Structures are given as structure tokens and as C-alpha cells.
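One structure is given here, and the rest of the page talks about it.
The values are calculated or read from the model by the stated rules, or taken from the named source; none is laboratory data. Computed from a prediction, not measured in an experiment: that's the story for all the values here. Using ideal geometry, Cβ is built from the backbone for each residue, glycine included, and neighbour counts are taken over all protein chains shown.
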Amino acid sequence: MSELTIAGIYLAAGQSRRMGTDKRALPWGDGTLGTAGLKAALHSCLSPIIVVVPPTDALVWLPDALLNHDKCRLVRCAACHRGQAHSLACGLQEAIVVGADAAAVLLADQPFVTTETLDALARFYRQHHPDYAAFSRFGTPMPPVIWGKQMFPALLALRGDAGGRRLFCEPHWRGLLYEGDESIGMDIDTKEDYERAVIYREVKEGHSRGRR
Amino acid sequence: MAVGKSIIRKEAWDKVTGRAKYTNDFKEQGMLHAKLVTSPYAHARIISIETHEALAAPGVRAVLTGKGLPLTGEDMRDRPPIAADKVRYYGEVVAVVVADTLVQAEQAARLIRVVYEPLPAVGSPREALKEGAPLLHEELDRYERNKTTYPEPGTNIAHRTKIRKGDIKQGFAESDVIIETSVSFAPSDHVAMETRCATAEIWPDGSIHISASSQSPFMIKRLIHTYFGEEAGKIVVHTPLVGGAYGGKAPVQLELLAYLATKAVGGRKVSVWNNRECDMVTSPVHIGLEATVKIGATKDGVFKAMEIVFLFDGGAYSDKAIDVSRAAAVDCTGPYHVEHVWCDSLCVYTNRPYATPFRSFGHCEQSFAVERAIDELAKVLQLDPWDVRRKNAIRPGHTTPTQVRLTKSNVGDMPACLDRLRELMRWDEWQRIELDAYTVRAKGISGGWKTSTIDTDSSSGVILTFNSDGSVNVISGVVEIGTGTKTVLAQIVAERLKMNVDDVHVKMDIDTQTTPEHWKTVASRGTFMAGRAALAAADDAIRQLKEIAACVLRVTPDDLEVGFGRVFLRDDPAIFIPVKDIAYGYKFPNGNAIGGQVIGRGHYILRRLTPLDPETGAGKPGPEWGVCAEGVEVEFNRRDYTYRIVKAYAVIDAGKVLNPKAALGQAMGAMSMGLSFASREGFLFDEAQRVLNPQLRTYRPIHFGEHPTYIVEFIETPQIDAPYGARGIGEHGLLGMPAALANALSLAAGVPLNELPLVPELIWRKQKGDSYGSL
């Protein structure tokens, strides 16, 4: 049996309402905030990576090198303004088109997600065949999460701003939760979040430099 | 002499000046530190645990997981020391990281990656007993257990105690009135100031040295032998002063982890220490309960029958919870004579932190249920609740629920306690008054009794050694957990040897290699058992002193008396020899010597106790029943549902008060604990059974300045075979507090309050807000 295909759906179609400015374009290390998670995804075993953006996105946050990456597929979602459920649906439809057995949902505002985390999630998914495998911290599941294709209809039925979170509470789905480092799932919604995250990243990198 | 005086505790100066040292105060160069990785889920299968990143982190020496470890548990071995295949409660240990420093261990702990498959969680005993409820222990039938544990495989029932006395049908048939009351409360914490901790190391000779903040150092030794096959003689457990225990330090948990950790690092010393959050949920908790009490009585309030169901929330593992559920059953009626009794007390598995005794060992829990029901009965019959209790008070000649015939010695004087309580509380003047439009004052009362359901072969030993100045050292296995028992032992020894209590020195810490065994420092049995052993040791020393003195004074030992630092001729005290001259033997002027250091030894084993009959519960569970009557006066605000506890009363039959101030301290301390538990303590669980308040910011015990006025009196009905007649008093102050508070508030608010903690929101909900959703 050939290995299961797990596509990545990189949701980058949010409106950055609470940030007040396009958060994907904020500086992050030597790139932009929006590309940090994407790089991790492109380096992981997930393929293809479906990047969901608004219909008129000028893509200033996304350098050509990444956009033209073999694994990268851009999807412009006309309904994205209606909420996350609709961006997710755009991504899922593309995943169905490419014949994916499962889809990993990633958020463009989670810059600390690592390739290792994604590969570990994929490994557990392939090994145990649950309905979903999610990253979690302190017992709360969150993206990145791999949804098996049996769950696609339930995900496509979501409306408005609902994410897949509500499916975590439905007891008939069998889930695996990968309890990990608290920083990995950190998402950035406000200016304060961003400032905190920048400091956190500097400390983390400074620390690791110091160790070497 | 020494008994009956308020001797200041021997360790008091050290404690008030901060010099006293506790387990975690003993730090050593080179000691390693452990950090516990705990489960964020209450019920989940463990799919995998990745430790390689943590192992590669700086300073890390070992990472332990649960694979291949033996199951543990005192009555039934159902608990892996580290969860292996699945986790069964929020906060359960899934891995232990050992590193050079605590910070390194904590940092590495974050690198442990665990994959869980969440399972539906069981939230309360009633939920756990529903048909189709998820099973916590699929292999319940395969667990090793002792002969008196009766699990019910295929269910979540870890153990059932049955009490059948008389004929319950006949009892109800003879009743004019039958009432039924249900009560419930969730598990809570002990909140000892010192969190639980243990260190362990293995010396090159293979001996295992453990230090632990524990009530059961001798049990640690025994269990490490049982679980891991280590030679008992090679296990040495050391326990210094303990900073509060309240039953929470009776079970053995962190000690096992410390032992496993030191083994994993080649015997180096490892410290396992609970931070507050871990101490609250990872280590065992105060048991929760759901209970239904049905009382049948005549119209003048005479009890005819009691049918009681206790569903104890044992949590994920049965460990000591089985014992607690049995102890509550044994005394299920409270201190009242009931001819026909039917009780089923279940220890039920739930996905909550596993339970252990709390000061009173199932009795404040049990009496909350029964005493609430008695007040409800009195209301229905329109009788004075005090009268109902007085009418049914248990007396010598009656039998207990387990059919033990009571005597003048083995039970305290319940009517006397009630009578005195009535006077102290001015019960007859008023029970409920309205001070103004919003303010109501009300009084509530409760009875209480307790015997100690402990192992039938529990024993205690004491050694007395003499110093060259004639002073004495007392060495006993009772742990000084803050109750002052060791000072009381000094008083007992001083009294018997007729010497100054200042000349009786007490070895405070325990070392199981050199300290004679005291089963466990639990169940208010320290003074009784160790006191008897101390008396025996003193008598042994007296015999030796007399023998040597008889030789020197050329008389027979029978003519001699020991006291006041001398051994003297009874007939003519002017003929004597100082104890100091013979404490190390006597040297004649010509250099010849006789005797040697005087070493008194004594022990005591509980006598004629039996296990309970599995079908009827008949049996003798403990040596005596101490009784008490207690009351609470509250001031309740009808507008905002807040209240103030104005006064709390306790009248306790102490048998004989050996140290008045210490006894008062014990009673008041227990009362405050009971009020704190009843008024504001309890874990909050979410739907997935995660504890939402495992920290002292959100779990708030009673604070300084919030205490009522405590009014405590003692009745003295001696227990004939106890040291100077003294009964256990460490727990009785607590027994009636939850029920008395609930009874007072129920009267004040005019609505039955059968849940704990009694926070204003609960009272509001019961009175008018039950239909509102959660706030």
C-alpha cells in the first residue's frame, strides 16, 4: 500500500481585524510573520501545501521563492470574508481535487510551528489511523491538526467563523492529541501578542545561539 | 505531675523561630532533582511517549516512564506508579525527568512529547455506576488484593462494604415517618502547609535510604519491599518533622517515584518535590461523596431504621479510598442507637484524582449525610433537633452498626456532650432570629463519633534510654505531624517515672532502622498505642532501675520506688540512690560494677479486633468510640446570600485531657478545617473532569481573620485501658462541623442545603436560582 497523502492547508485569508494591519506582512526574523509557518510546512512531509488567501491578495507577504515552490498551491477564496469555515472549505476542496487522504490545517499566524511537529503529527496519523490528530497544549487541542478524509464532509458543513474546534468535542470521532511545547501553538492576533512573540523568539534564538 | 498540664510542645521553639527542618530543607551537594510530567487529560489512552529530546537536554540524567513497573495499592494493586497504558485522572504522572537542577528538570520536562487518545471521562460516583458508563479498570478481576477487598469486575466498583443489623423491613414497618435525604460534595484538598516530598538514594552496599514527609514511614519500608522485592532490612526511611498531613501523607506515592528515580541514576540521591499545583491534584485528595440516607422513626422521634448508601468518589485508583469507605460504613448511623441498619458503602472509581483519608477518615463526610437527614426528620416531625439527638444518643449496652456491644469504657458519654452543648449554645433561648429585614442568625448542631478502622494487628513500640544525668530519651515511631503527640508521650513517661518533664527528651524524627515501629501516625491512635507502649517501656525501665538499686541498697526490688530522680526505699525515702548514679550501671567504690545503661522497651498491639463479615459487616473494627456534640452559629444575609460564621462549639469526650492547651489546639484546629472544608473548599471540574482550581488563588481555604469564636469543652469519661484514660481527640473537632454549618444555614435560608462547599451561590441557587445556567 502506498503511503497516505497528507496535504497541508495553510490558512492565510484572515482579515487581521484585531491587529489593525495585515499581520502576515509583519517582520519576523529575516522574513515575514506569514511565511514562518509556511516554511515549516514546505520542509515537512506534507504535500502539497495549499495556501488559502483572499481573492485580491497582492501577496506582498509571500516571497516568490516560496510561492514558486514545487509543493505550493495557491487558492484564492472568494468566500473568505464570511469566516474561517469558508477558507477552510476552499482549501479542503482543493485537497479533495488532489486526492489527499487527509489534510493538515495550519494557520498563518502560528509562526512557532516546526517541521518536526508536523512530521511527528503525520507519523502518528499514519501509524494509528485516527479520525484526526491534533497538536495540543495543556489538554486543549488546536491547529496544526490533521483531519482524515472521513471528516471532510463534517468540516465542509461548518459555517461562519466556526473552526474545526467544535468537532473535537464530538465523541464519535477518534482523535489523537499530541501534547507539545506550549510555544508551538502560540498564535498572534493582537499587537501585544506580536510584541510578546517577538521577544519570545529572540530569547529562544539568543538562548540557542548561546548554547552553541 | 506532668499529665494534665499544658506543657509547651517540645518542638515549639524550633518551629516558632524557623529553625525546625522539614524533608525538603535537607539539601545536599550533588543531589539530583525530579520533575513530574503530568497528564492534562482525565481519561486517555497513552499512544506514545517521546523522551529523546528531553534526554538530550542539558543536565538530564534519566527519564522514567511507566513501562514494566509493578502495580501498587494498599488494599488492591490497581495503580501503576507512573501511568503506562492509559491515564485515569487529570494530573496523573506520565513521566519523571531527573536532572542536576530542578530548573533543568523542568525545562526538559517540557520536551517530553506524549500522544494521547482521549476517552470519555467519568465524573461522579453516580455517573460511574450508570449502565454503559466507561470502565476505568477493565482488568479489575485480575488485580492482586487483600482478603477483605471485594471489587465488582465489569463495573466501576472497587469495593463494597455491607452493614446488615437487625431487620430493615421490620424497622421501617415500625416507623411512623420515613424521610430520605441525599447529599453530595466533590473531592477537595488537604492543603497542608508543607507539600509532599521525598528523597531517595541507594548506597554502594545496596541499602536504600528514603526521606519522606509522611505519616507512614514504616509503611513505605514495607511497600517498597512488597512492590519491588527489596530486602526489608536494607530499606531505611527517615522522616523529620512533618508540616501538616491531615491524612494526605498516609498514602505512599512520591516515595515510590523517588526510589525508581534513584535506581535509574545509579543510586544518586534524587529529590521528588511537589509544587502546590501537583500537590493538589497529582497526589491523593480528600475523598468526595454522594450519599442517600433514609431514616424511619416513631412520631416522637425514636429512630427505628436507617438505610444508607454511601457512594465514595475514590477517584482513579482505590489505594486508601477503600479503607475510608469501610470506615464510614462501620459508624454509619452516627452516635445514635438504631436497631435496624442497612448500609452499602461503595468505593467507586471515577476519572478524578485518587482519594485518600482526610482528617476524620470518612467520618465528617458520613456525619454530614446522617446529621443533615436527622435535621430533616426533626423538621418533618416538628421536633427540636437537639431533642431528637438526645433521645437516640448511643450509650453503653447498645450495639454499634457492626454489632459491637458498647461498654462504659469503649464509648464516650454522648448524652453528656449533648447536654453541655445545649447549655453552652444557649440552645433553648433561640435557634433562629431575624435581626433586621435582611439579617438572620441561626444555630445548627451535629453529633459525631468515631472509631479507628485500622489494621487488626497494628502495633507500636517505644524505647527509653537513660542519660548519665538521669534524664531520659523517648524514641517512638509516631511521626510529629504537628499534633504534639510526642510531647504528650514525654508527659506520660514523666508521669510514670515521677520525674520532671523537662528531663524527658524526645527524638522528633523517625529512622526506621533505629526507631521502633508505630504502624502509621493516623486515626487519632498515636497517644493510645504509643502511650501504652511508653508506659510499658517506663515500667521496664523502672524494673531495671529497681534491680540495680536493690543490689546497691541491699534490699529487695519490691521495697523500692522510683521517682523524683531517685530510687528510694518506700518505707524510708531517706534511703535512696540517685537515678543518675545507676542509669549507666553502678560502680562500687572498689571499681566493681553492675547493671549497664538502662534501656526500657515497651510495645502495644491492638487486641481482639476482627475484619468485618462480608455479608453483615459484623466485626470489631476499632478499640473505642470517641464522641462529640458540636454546633455552629451563623449570621446570614438574605439579600446577597453571604454569611458569617459567628461561633463554633465543640464538646468532646476526651476520656482524660493529658495536655489542656494542646487538646484545645487540636480541637480548634480540627474545627477550623471542618468549617473551611464545608464553607469554601472543593475542586471544580470541567466536563472532561479536569480540575479547574488546582492552586491557592482559586482554591481558597479559610483565612486569618475569617475564623469564628471557638468554644471548646471536654467531657472526661475514661477509657479504662488507655493511658490515663485518654481517648483520641485529633479529629473529633472536625466531625460535626460540616453538618452543623449546613444545618444552621438550612435553617437560616429556609431551604435544605445538602451540598458542599456552602458558598453563597449554592444557597442562592437552592433558594431560587436552580433554573439558571452556570454563571
Picked from region B:97-114 (must be charged (D, E, K, R) and more than 34 Å from the chain's Cα centre (by Cα)), the residue nearest to A:Phe135 (Cα to Cα) is B:Arg113
Of the residues in region B:28-71, those that are among the small types (Gly, Ala, Ser), outside any strand (DSSP E or B), within 35 Å of the chain's Cα centre (by Cα) and within 13 Å of another protein chain (Cβ to nearest Cβ) come to B:Ser39, B:Ala42
Here the residues within region B:111-158 that are within 14 Å of chain A (Cβ to nearest Cβ) and without any contact (Cβ under 8 Å) to a residue 24 or more places away in the chain are B:Gly132, B:Ala133
Is there a residue in region B:74-89 that is outside any strand (DSSP E or B) and within 14 Å of another protein chain (Cβ to nearest Cβ)?
yes
Considering region A:1-51, residues that are hydroxyl-bearing (Ser, Thr, Tyr) and under 22 Å from A:Tyr125 (Cα atoms), and then whichever is surrounded by the most Cβ atoms within 10 Å (Cβ to Cβ), we arrive at A:Tyr10
Note: among B:Leu545, B:Leu489, just one is farther than 30 Å from B:Pro251 by Cα, out of contact with any His (no Cβ under 7 Å at 6 or more places or on another chain) and crowded, with 24+ Cβ neighbours inside 10 Å, namely B:Leu545
Residue hits (region A:133-180; away from chain B (no Cβ under 13 Å), among the aliphatic types (A, V, I, L, M) and in contact with a His (Cβ under 9 Å, 6 or more places away or on another chain)) are A:Leu158
**OP:** Can you confirm whether region B:401-408 contains a residue that is farther than 17 Å from B:Glu713 by Cβ, at pLDDT 95 or above, among the hydroxyl-bearing types (Ser, Thr, Tyr) and crowded, with 17+ Cβ neighbours inside 10 Å?
**Re:** yes
Listed by range, helices (runs of 4 or more DSSP H) wholly within region B:674-775 having at least 3 residues that are closer than 30 Å to B:Ser409 by Cα are B:732-735, B:737-749
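Just to be sure before I move on: is B:Phe368 in a helix (DSSP H, G or I), within 30 Å of B:Tyr89 (Cα to Cα) and touching a strand residue (DSSP E or B) at 6+ places or on another chain (Cβ under 7 Å) in the structure I sent?
It is true that B:Phe368 is in a helix (DSSP H, G or I), within 30 Å of B:Tyr89 (Cα to Cα) and touching a strand residue (DSSP E or B) at 6+ places or on another chain (Cβ under 7 Å).
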Residue pairs within 9 Å by beta carbon, gap of at least six or interchain, first lying in region B:189-200 and surrounded by fewer than 23 Cβ atoms within 10 Å (Cβ to Cβ), second among the aromatic types (Phe, Trp, Tyr) and assigned to a loop (DSSP other than H, G, I, E, B), listed first then second, are B:Val191/B:Tyr246; B:Val191/B:Tyr699; B:Ala192/B:Tyr246
Taking region B:11-54 and keeping residues touching a helix residue (DSSP H, G or I) at 6+ places or on another chain (Cβ under 8 Å), surrounded by fewer than 22 Cβ atoms within 10 Å (Cβ to Cβ) and of a type in the set (A, V, I, L, M) leaves B:Ala20, B:Ile47
- Query: Does B:Gly166 satisfy the criteria of being out of contact with any Ser or Thr (no Cβ under 9 Å at 6 or more places or on another chain) and either under 30 Å from B:Asp375 (Cβ atoms) or without any contact (Cβ under 8 Å) to a residue 60 or more places away in the chain (or both)?
  - Reply: yes
Condition set under 23 Å from the mean Cα position of the chain (by Cα) and within 14 Å of chain A (Cβ to nearest Cβ), scope region B:692-717, selection surrounded by the most Cβ atoms within 10 Å (Cβ to Cβ): answer is B:Pro694
For B:Tyr22, the lone unmet condition from (1) aromatic (Phe, Trp, Tyr); (2) touching an Asp or Glu at 6+ places or on another chain (Cβ under 6 Å); (3) at pLDDT below 95 is (3)
B:Leu223 passes all but one of the listed conditions (1) in contact with a strand residue (DSSP E or B) (Cβ under 9 Å, 6 or more places away or on another chain); (2) part of a loop (DSSP other than H, G, I, E, B); (3) closer than 30 Å to B:Met31 by Cα; (4) of a type in the set (A, V, I, L, M, F, W, C); the exception is number (2)
Requiring at least 1 residues that are polar (S, T, N, Q), the strands (runs of 3 or more DSSP E) wholly within region B:418-480 are B:439-450, B:459-466, B:472-476
The correct count of residues that are facing chain B (nearest Cβ under 9 Å) and closer than 15 Å to B:Ile49 by Cα in region A:122-132 is 3
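For (1) in contact with a strand residue (DSSP E or B) (Cβ under 7 Å, 6 or more places away or on another chain); (2) in the same structural domain as B:Gly728 (by TED's automatic domain parsing); (3) touching a residue at least 40 places away in the same chain (Cβ under 8 Å), each residue gets a yes or a no:
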{"position": "B:Tyr584", "(1), (2), (3)": "yes, no, yes"}
{"position": "B:Ala593", "(1), (2), (3)": "yes, no, no"}
{"position": "B:Glu615", "(1), (2), (3)": "yes, no, yes"}
{"position": "B:Ala629", "(1), (2), (3)": "yes, yes, yes"}
{"position": "B:Val632", "(1), (2), (3)": "yes, yes, yes"}
{"position": "B:Arg638", "(1), (2), (3)": "yes, yes, yes"}
{"position": "B:Asp653", "(1), (2), (3)": "yes, yes, yes"}
{"position": "B:Lys661", "(1), (2), (3)": "no, yes, yes"}
Expected output for region B:217-241 (first residue free of Cβ contacts under 8 Å to residues at least 24 places away in the same chain and outside the structural domain of B:Pro516 (by TED's automatic domain parsing), partner surrounded by fewer than 21 Cβ atoms within 10 Å (Cβ to Cβ) and of a type outside the set (A, V, I, L, M), Cβ below 6 Å, 6+ apart or cross-chain) is B:Ala232/B:His225
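Table: residues versus (1) surrounded by fewer than 24 Cβ atoms within 10 Å (Cβ to Cβ); (2) acidic (Asp, Glu); (3) at pLDDT below 95; (4) over 19 Å from B:Ala186 (Cα atoms).
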| position | (1), (2), (3), (4) |
| --- | --- |
| B:Ile729 | no, no, yes, yes |
| B:Met737 | no, no, no, no |
| B:Leu745 | no, no, no, yes |
| B:Ala748 | no, no, no, yes |
| B:Glu755 | yes, yes, no, no |
B:Gln107 passes all but one of the listed conditions (1) crowded, with 20+ Cβ neighbours inside 10 Å; (2) polar (S, T, N, Q); (3) within 14 Å of another protein chain (Cβ to nearest Cβ); the exception is number (1)
Pairing a residue in region B:415-437 that is in the same structural domain as B:Glu371 (by TED's automatic domain parsing) with any residue that is outside any helix (DSSP H, G or I) and aromatic (Phe, Trp, Tyr), where Cβ atoms lie under 7 Å and the two sit 6 or more apart in sequence or on different chains, gives B:Leu421/B:Tyr649; B:Leu424/B:Tyr649; B:Met425/B:Tyr649
Being buried (at least 18 other Cβ atoms within 10 Å of the Cβ), among the polar types (S, T, N, Q) and within 30 Å of B:Arg126 (Cα to Cα) narrows B:Ser216, B:Ser283 down to just B:Ser283
